[in-house]
């Protein structure tokens, strides 16, 4: 087998490899403005949830909420670390963050439908 196409592909992507790990790390998948918008949005959403932690801790499934919020913080750190150096890792972190955020919203809507978010003085 000649492997000329595979060798050509590797040569084309040669500038995208990091020397230490020899892993493919694309840096031309997103524009800087897109990355920054993702980061600002993620930070904003995470701060809102952290601000509501006292309320979250009073819910029956608080452990699930807190677990997701902590994991979102890790996704956010990973995104901040990778945004300039590895767009693939950045996009994975963004996807993980929004997946956890969506799960929290689903839990909140479920708890709301069950009446868990209704103040005790108002009743169900």
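Read the figures in this text as sums done on the coordinates, not as results from a lab. Note that the coordinates shown come from a computational prediction; the quantities given were computed from them, not determined experimentally. Please note: Cβ atoms are built from the backbone with ideal geometry, for glycine as well, and neighbour counts cover all protein chains shown.
Listed by Cβ neighbour count within 10 Å, with the fewest neighbours leading, 104, 56 appear as 104, 56.
Here the contact order of segment 29-112, divided by its residue count and restricted to Cα pairs under 8 Å and six or more residues apart, works out to 30 percent.
For the pair residue 92 and residue 55, what calculated FRET efficiency results from E = 1/(1 + (r/R0)^6), where r is the Cβ-Cβ distance and R0 = 22 Å, to the nearest 0.05?
Working from the Cβ atoms, E equals 0.15.
Here the residues 83, 106, ranked from fewest to most Cβ neighbours within 10 Å of their Cβ, fall in the order 106, 83.
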